[in-house]
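Visitor: I'd like to ask some things about the structure below.
The values are calculated or read from the model by the stated rules, or taken from the named source; none is laboratory data. Nothing here was measured: the structure is a model prediction, and the numbers come from that model. A quick note on method: Cβ atoms are made from the backbone with ideal geometry, for glycine too, and the neighbour counts reach across all protein chains shown. Areas reflect the complete protein model, heavy atoms only, side chains present, ligands, DNA and RNA absent. Shrake-Rupley method; radii C 1.70, N 1.55, O 1.52, S 1.80 Å.
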Amino acid sequence: MTAPRVTLTGSWSGCQVANGDDALINILDTVDVPIVAVRRDFMIAGFNKAAADVLGLSPADIGRASRDISVLAGLPRLEQQCNRVIASGVDSRADLRDGDKWFVVRISPYTKGDRQVAGAVLTFTNVTAFRASIDQAIYEREWTKAIINTVADPLVVLSADQRIQSGNRAFYTMFGVSRDETQGVPLYELGKGAFDLAPLRAPLKEMLAGSHPFQPVEADDVFTAMGQRTLILDARSLALPGHSERRVLVTFHDITARKQAEAAKDLRSEEELRRSEAFLAEAQRLSATGSFSWRVATDEIRWSDEAYRIYEVDPAQPVTFDLIRARVHPENRVHLEEVIARARRDGGDFEYESRLLMPDRSVKYLHVVAHGGRNHNGEMELIGTVQDVTERRLAEEALSKARSELAHVARVTTLGALTASIAHEVNQPLSGIITNASTCLRMLDADSPNVDGARETVRRTIRDANRASEVITRLRALFSHRETTTETVDLNEATREVIALSLAELQRNQVILRPELADHLPPVSADRVQLQQVILNLLLNASEAMSDVDDRPRELVIRTARHDGDRVRLTMQDAGVGFGHHGVDKIFEPFYTTKSGGMGIGLSVSRSIIERHHGRLWATANDGPGATFAFSIPAAAEVAGNISVAVAAPAATDVVHALGEL
Amino acid sequence: MTDRRALVTVVDDDESVRESLPDLLRELGFAARAFSSAEDFLASDCVDRTSCLILDIVMPGGMSGPELQRELAGRRQLIPIVFITANGDETTRPRLIAEGAVECLLKPFGEKALLSALSAALRVA
């Protein structure tokens, strides 16, 4: 600021000013800036009206030493300053506080008419308002700084040439640098050059040129004081109204934790998905249930792995209706076409049974269920399952076959063998009855009747009649079950009954029977007649298997025992011809027989019966000659519910009829 | 003529037969003995004295009737044999007769059939 020179030539209002000039004094008095003139000897030479008003000077102060004026005492080195100004002729400035007012005091030299510097003139510019606004600005700036420093995300301001100007605390902390060492450093040198990215430079330039707003950029593996981080950089152009300078505010958002969490979640959900897919695949495999989808418009068909397995098609092969048609049993093709046509026409749900004819000529039974609907693209799509129910269907067929076979077996095969037993059992006592009765008659008819002898023979007759009666009672018990019922059965007792009825057959075949029936065998819940049919079947098979054996005892061991804790097992070990070249596997097939008169159904029927009892029937070759057949069924508490098979037991009338023919 | 003092021996594992048949045989005028197995009979003193053997076919645990028949033939003991059985079929009788048996009676048999068989047996003897 250039210093205004004031030349005092007279006295001021009421003051003694040399060469008083009223006009000038009047002018000075109109200036509302206090002006005080001080002589070389620091005495007050004069002052204007504003000095009197603002600084409280009075005419009496004229001629007093400036240091004695209280307001001027606030300018501590006033005398030295005045000396320097007077000596040098150069203005000086000082700040003065008077109460709550602030002044900037300009000290300028003043001359008299002879141009000699006569003293200094002090002008007091009131800067109180200005100073307050500065203070306010500083105050606000500190607040802003404090706020910015509390922002967790690092912020940095760049110059237009992308050099760092200043950052917030988070910024310096993140990169482990100080304000000083980064001032003026290009952003691209930060974080070991992590930001020296083409996707960053070009958009920043474009943004500064004002053509495009900046789109956030992700920077991976940025070296920071906290290790390698993943950051999202965003930038905003900064400008002040009326200023052409552009600056850039860059924000850093650390998404490392989120990325890691997402990665972990991805991994987790990938693992979960993989697991649930594995579960589904396993469930499909276990239940022999495949799934499929069919987009009706495009005929795009998709199968699950299990569906491929069921159709026995290479999973690499695309699924088409031609492929399906080729697999479907010829007798089911018309039905398939109907189902397809209906689904195309009506959508909706369908459920049907079908059969496949496999390349090896085997037949599979399928249960197909599908649900139609619109997928997320609004297209008609059918989603369904295809279950391989072959085993179930075969079991049902085997069961229904077994029902009729059993009736047949009971009437033909088993009853035929039983007849021999029954005949033997009944004929023995009948024979005794007749013999004793004959003897009795003869004893009584003698000239001297042998009454005691006759009494004895009658006693024996009654005994033998009772014996015959017991046989009939036993038969009645065995054949009284017209319908299948589940009851608690003592396997030992059931076995003993079968043995008793088979003794004749065993004797005829000269079989040495060795029963080894376990004590304290838990009861089983079973259909007694069916169970006995199985035992009888196994027993007769064993007996027959030994009928041609002459080089060793025809020994048959029947054992009962606990099995696997909660089951009961019966084994029938013979010393017969064994399985020979036929193998164990074939013997359970229906209609497989090695016997000239056999129907080949005994074992398959027996197996069906045992499986219906939640049990298992198996055969093994002995170490020595012969074979061992065995079945195990759960002990009574283990069998839930009734066995749902109705097998016609041989009618009692059949037995009576058979007996009548003997 | 029937030799009423002839010894008829019964070999049968069934006790009631061993009880009742000898009694009837005695009433019919024969001497009678009974054994429960072929082995017991072979071990007895009756083998040489028996005029007719009434023999069961199936005797579990030991020698069967036909086996005893073969055994006796092997020993040149030509005793007429009448087989008795409770579970023979139509093939049993011809087979046994072909092997040298006099008769084969299916249980239960009457007095008449027994006498007829014994007559034939003793005639053979």
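Visitor: Run down B:18, B:70, B:26 and say which single residue is basic (Lys, Arg), closer than 23 Å to residue A:554 by Cβ and within 14 Å of another protein chain (Cβ to nearest Cβ).
Guide: Result: B:70 is the single residue among B:18, B:70, B:26 that is basic (Lys, Arg), closer than 23 Å to residue A:554 by Cβ and within 14 Å of another protein chain (Cβ to nearest Cβ).
Visitor: While we're here: For region A:402-413, indicate whether the set of residues that are modelled with pLDDT under 75, buried (at least 19 other Cβ atoms within 10 Å of the Cβ) and among the β-branched types (Val, Ile, Thr) is non-empty.
Guide: Yes.
Visitor: Can you tell me which of (1) of a type outside the set (Ser, Thr, Tyr); (2) modelled with pLDDT of 85 or more; (3) within 20 Å of residue A:298 (Cβ to Cβ) is the one residue A:378 doesn't meet?
Guide: Result: residue A:378 passes all but (2).
Visitor: Considering only residues that are open to solvent by 70 Å² or more (accessible area, probe 1.4 Å) and either within 22 Å of residue B:107 (Cα to Cα) or touching a residue at least 40 places away in the same chain (Cβ under 8 Å) (or both), which ones fall in region A:432-449?
Guide: A:441, A:442
Visitor: Is it the case that region A:334-346 has a residue that's out of contact with any His (no Cβ under 7 Å at 6 or more places or on another chain), free of Cβ contacts under 8 Å to residues at least 60 places away in the same chain and in a loop (DSSP other than H, G, I, E, B)?
Guide: no
Visitor: Residues A:123, A:111: which one is open to solvent by less than 60 Å² (accessible area, probe 1.4 Å), of a type in the set (S, T, N, Q) and modelled with pLDDT of 90 or more?
Guide: Residue meeting the stated conditions: A:123.
Visitor: Would you confirm, using the coordinates I've provided, whether residue B:26 is closer than 20 Å to residue A:425 by Cα, part of a helix (DSSP H, G or I) and open to solvent by 20 Å² or more (accessible area, probe 1.4 Å)?
Guide: no
Visitor: Report those strands (runs of 3 or more DSSP E) wholly inside region A:114-222 carrying at least 1 residues which are free of Cβ contacts under 8 Å to residues at least 24 places away in the same chain. Spell out the reasoning first.
Guide: Values: elements: A:117-126, A:155-158, A:164-167.
Answer list for region A:114-222: A:164-167.
Visitor: Give the number of residues within region A:508-550 that are within 14 Å of chain B (Cβ to nearest Cβ), open to solvent by 60 Å² or more (accessible area, probe 1.4 Å) and closer than 22 Å to residue A:605 by Cβ.
Guide: 0
Visitor: Could you list, in sequence order, all residues of region A:62-76 that are assigned to a helix (DSSP H, G or I) and not hydrophobic (A, V, I, L, M, F, W, C)?
Guide: Hits for region A:62-76 are A:66, A:67, A:68, A:70.
Visitor: Among the residues of region B:99-121, what is the count of those that are modelled with pLDDT under 90 and more than 10 Å from chain A (Cβ to nearest Cβ)?
Guide: 2
Visitor: Determine which member of the set B:55, B:96, B:78 is outside any loop (DSSP other than H, G, I, E, B), touching a Leu at 6+ places or on another chain (Cβ under 9 Å) and on the phi < 0 side of the Ramachandran plot. Explain how you work it out, then say what you get.
Guide: Working: B:96 fails: touching a Leu at 6+ places or on another chain (Cβ under 9 Å); B:78 fails: outside any loop (DSSP other than H, G, I, E, B).
Among B:55, B:96, B:78, only B:55 is outside any loop (DSSP other than H, G, I, E, B), touching a Leu at 6+ places or on another chain (Cβ under 9 Å) and on the phi < 0 side of the Ramachandran plot.
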